[in-house]
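Here the structure is laid out as structure tokens; the discussion comes afterwards.
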Amino acid sequence: MHEVTVLVGLIDMVETAAIENNIDDIDTVVVQIGEMSSIVPRYMMEYFPNAAENTILEDSKLKIEIIPANGLCHNCNKVFKIVKNKGKCPYCKDDQWEMLSGTEFVLKEIVVREPL
């Protein structure tokens, strides 16, 4: 499960950004994961609390947004959702396509906790 390694890298990246921007209280880290990436969102959510232990993110939340896998059909040039349509263009039924999105892993946002 490489999700732990991904989480450690993510936490390092967020901690570096926090130090550079003089931030000491992070509420939420928002990441985007492509639905055809090799990262399993459920494992990311499950392992985040342990990976964040003893870091600036210890009391933070992880929010995951899924990026749909979109393909461009080589036959009819239409964009379609690859997973939803099981790899076949719903317009012409061809299975030859180019992937446009769906393999990403992006740190989208670091939400800072507002002081009381």
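When 39, 19 are checked against the criterion of being of a type outside the set (Gly, Ala, Ser) and part of a helix (DSSP H, G or I), a single residue qualifies: 19. Annotation: residue 30 fulfils all but one of (1) among the aliphatic types (A, V, I, L, M); (2) within 20 Å of residue 113 (Cα to Cα); (3) not in a strand (DSSP E or B); the unmet one is (3).
Residue-wise test of (1) surrounded by 16 or more Cβ atoms within 10 Å (Cβ to Cβ); (2) touching a residue at least 12 places away in the same chain (Cβ under 8 Å); (3) out of contact with any Asp or Glu (no Cβ under 8 Å at 6 or more places or on another chain).
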| site | (1), (2), (3) |
| --- | --- |
| 34 | yes, yes, no |
| 56 | yes, yes, no |
| 64 | yes, yes, yes |
| 67 | yes, yes, no |
| 70 | yes, yes, yes |
| 78 | no, yes, yes |
| 86 | no, no, yes |
| 89 | yes, yes, no |
| 100 | no, yes, yes |
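The residues of the range 33-57 that are within 26 Å of residue 87 (Cα to Cα) and among the aromatic types (Phe, Trp, Tyr) amount to a single one, 43.
Values quoted throughout were computed directly from the atomic coordinates according to the rules given, and no laboratory measurement underlies them. Keep in mind the model is a prediction, meaning the values are calculated, not measured. Ideal geometry is used to build each Cβ from the backbone, glycine not excepted, and the neighbour counts take in all protein chains shown.
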